[in-house]
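J.: Take a look at this one; I'll ask things after.
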Amino acid sequence: MSGPSCEGDDDFDLFDHRHTQALNETARRWRRESPVTRIAPDTHYVARWHDCWAILRDAETFANGNGFKAVELPDDERMLIEMDPPLHPPLRRVVRTAFARKAVEAERPFARASAARLLDELTARGRSEGECGIGGDGDDAGEVEVEVELVEAFTDRIANLVNFHLMGFPIEDTPRIVGWAREILHSDWPALNRTEKGEGIAGAFPEFARYVDALVDSRRGADSPEDLIARLVRSEVLGRPLSQTLLRTLVSQIILGGISTSTNLLGSMLHRLLTTPALHARLRAEPALVPAAVEESLRLDPPVLFVRRVCRRDAELAGTKLASGEKLVVGIASANRDERVFDDADAFRLDRGLPRHIAFAGGAHLCSGAALARLVACEAISAFVERFDVGELELVPGFVYEGVPVFLEHGPKRLDVRVRGAD
Ligand code: HEM
């Protein structure tokens, strides 16, 4: 049930990425005029920062339910973000052990070295003729010029490499994993838990499911490494060990959760650097500002545009009455530009101080991988501005920005660039 402040907005389709990724102007109006807007018969979009925050920190009233899945999920096919108590808190505690501050910080040298190596490989492609990414112009008077697609060649890889290194998974599987992740996240599965091939991860992506099951089985023996999967395998929740299906679901989330999100963050940052030479020059001159740039990118270009909650009981938000069972879209992208919280909210600024954005959500489901994502982004961007001066790497002439074809994500689908540098 909704009060008078809640206008309908039937034109907006939450599951259409062309609508969700072009929401800034509409969201500005909603923040001003209709902070809780009905976008479907049983769903409201929440536009203001304070209301979003109130929802995130009150898991008693606002449950995660099925997340974005349009179907009721069996318990053991729920990822952490699709769980509520009593299952969620104990499983979250186990998963969090893998992302302890010390363990994440220990990844910094590997992240730094991997980023530098991947960027070196971009220019190396120009030196070895015939391996020119999406095409190359060859060597001209001592200059190397080659065209490369950065999402495939850099952002996807660095995100997955560091995640796998931290988890102790086989690094050499990165290209396969990245391929699966794209296929899964761009399919109907995120919304429907199925594809035309079948139900759940196992039915829809049998090859990926077998890969994950093998990882899990390799942790069952007495000589297994002491890592996150081994801890999950040994865990008991509500007096029972975790089923093979639940283990597969949780490990899949750890694998998938880190790839497209970190890729989107890095892709948006690189796109901003490539289109704002002054920012590139500033970060190159003052690399200590890179963490502030990462936070500002998370605020203005959040890789996850919104999360979903369900009212467990009747509630009221910004004067709008909500009935038990009604769904809420917590508008991360809108909240992060809320003029009530951020001065000059649409501007990219490096002097904002403590981050108040909600790109990693908050409360009971605050992103477990936030510290890792920040570390990867800082190391990758630092390596990028150190390796390339302004103009050494440019978007190809006529490049047209296209967003990822996923309704809840934001980031460039591809970044075609031309790399220049002395041979
Ligand atoms: C820039 C990168 C990332 C962004 C923007 C992001 C965003 C989010 C958001 C918004 C949520 C909350 C979902 C909800 O409340 O319904 C979440 C949860 C989660 N994320 Fe991330 N994430 C990122 C990177 C990662 C990485 C690198 C990993 C792991 C390798 C990861 C693992 C998780 C897990 C396990 C949860 C579930 C937490 C829970 O429900 O208790 N994320 N993430």
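The values are calculated or read from the model by the stated rules, or taken from the named source; none is laboratory data. Because the structure is a prediction, the values reported are computed rather than measured. Here the Cβ positions follow ideal geometry from the backbone for every residue, glycine too, while neighbour counts run over all protein chains shown. All accessible areas refer to the heavy atoms of the entire protein, side chains included, with ligands and DNA or RNA removed. Shrake-Rupley method; radii C 1.70, N 1.55, O 1.52, S 1.80 Å.
J.: Step by step: first the residues of the range 353-368, then only those that are open to solvent by 30 Å² or more (accessible area, probe 1.4 Å), in a loop (DSSP other than H, G, I, E, B) and farther than 17 Å from residue 269 by Cα, then the one that is farthest from the ligand (Cβ to nearest atom). Which residue is that?
T.: Of everything passing the filter in the range 353-368, 353 is farthest from the ligand (Cβ to nearest atom).
J.: Continuing with the same structure: Looking at the range 359-382 only, could you name the residues that are of a type outside the set (D, E, K, R) and in contact with a Pro (Cβ under 8 Å, 6 or more places away or on another chain)?
T.: 359, 364, 378, 382
J.: Every residue in the range 153-179 that is away from the ligand (no atom under 15 Å from the Cβ) and touching a Leu at 6+ places or on another chain (Cβ under 9 Å), please.
T.: Across the range 153-179, the qualifying residues are 153, 154, 170.
J.: Scanning for something of a type in the set (S, T, N, Q), over 22 Å from the mean Cα position of the chain (by Cα) and open to solvent by 20 Å² or more (accessible area, probe 1.4 Å), does the range 370-382 turn up at least one residue?
T.: Among the residues of the range 370-382, not one is of a type in the set (S, T, N, Q), over 22 Å from the mean Cα position of the chain (by Cα) and open to solvent by 20 Å² or more (accessible area, probe 1.4 Å), which makes the answer no.
J.: From the list 273, 266, 317, which residue is touching a residue at least 24 places away in the same chain (Cβ under 8 Å), within 25 Å of residue 149 (Cα to Cα) and in contact with a His (Cβ under 9 Å, 6 or more places away or on another chain)?
T.: 273
J.: A further question on this structure: Can you tell me which of 316, 295, 326, 286 is acidic (Asp, Glu) and under 18 Å from the mean Cα position of the chain (by Cα)?
T.: When all the criteria are applied, what remains is 295.
J.: Considering only residues that are within 16 Å of residue 181 (Cα to Cα) and open to solvent by 40 Å² or more (accessible area, probe 1.4 Å), which ones fall in the range 201-229?
T.: The answer is 202, 206, 207, 210.
J.: Next up: Please work out which residue is farthest from the ligand (Cβ to nearest atom), limiting yourself to the range 383-393 and to residues that are assigned to a helix (DSSP H, G or I) and open to solvent by less than 20 Å² (accessible area, probe 1.4 Å).
T.: So the residue we want is 385.
J.: Check 283, 279, 256, 232 and return the single one that is within 23 Å of residue 183 (Cα to Cα) and either among the aliphatic types (A, V, I, L, M) or touching a helix residue (DSSP H, G or I) at 6+ places or on another chain (Cβ under 7 Å) (or both).
T.: After applying the criteria, what remains is 256.
J.: Right, residue 232: within 16 Å of the ligand (Cβ to nearest atom), without any contact (Cβ under 8 Å) to a residue 40 or more places away in the chain and either within 27 Å of the chain's Cα centre (by Cα) or within 30 Å of residue 293 (Cβ to Cβ) (or both) or not?
T.: No; evaluated as a whole, the condition is false for this residue.
J.: List the residue pairs whose Cβ atoms are under 6 Å apart, where the first residue sits in the range 369-396 and is among the polar types (S, T, N, Q), the second is within 16 Å of the ligand (Cβ to nearest atom), and the two are 6 or more positions apart or on different chains.
T.: So the pair list comes out as 382/290.
J.: If you go through the range 6-18 one residue at a time, do you hit one that is in contact with a strand residue (DSSP E or B) (Cβ under 9 Å, 6 or more places away or on another chain), modelled with pLDDT of 95 or more and either part of a helix (DSSP H, G or I) or within 26 Å of residue 356 (Cβ to Cβ) (or both)?
T.: No.
J.: Can I ask one more? Is it the case, given these coordinates, that residue 348 is open to solvent by 30 Å² or more (accessible area, probe 1.4 Å), more than 16 Å from the ligand (Cβ to nearest atom) and of a type outside the set (Lys, Arg)?
T.: yes
J.: Further question: Scanning the range 293-332 for residues that are in a loop (DSSP other than H, G, I, E, B) and buried (at least 18 other Cβ atoms within 10 Å of the Cβ), which turns out farthest from the ligand (Cβ to nearest atom)?
T.: Only one residue tops the list, namely 326.
J.: Listed residues 76, 58; which is away from the ligand (no atom under 15 Å from the Cβ), open to solvent by 40 Å² or more (accessible area, probe 1.4 Å) and in contact (Cβ under 8 Å) with a residue 12 or more places away in the chain?
T.: Only one candidate passes the filter, namely 76.
J.: Return the only residue of 339, 286, 326, 296 being under 15 Å from residue 37 (Cβ atoms) and charged (D, E, K, R).
T.: Unique residue meeting the criteria: 326.
J.: For the range 249-276, which residues satisfy the criterion of being more than 14 Å from the ligand (Cβ to nearest atom) and either surrounded by fewer than 17 Cβ atoms within 10 Å (Cβ to Cβ) or at pLDDT below 95 (or both)?
T.: Residues satisfying the conditions are 275, 276.
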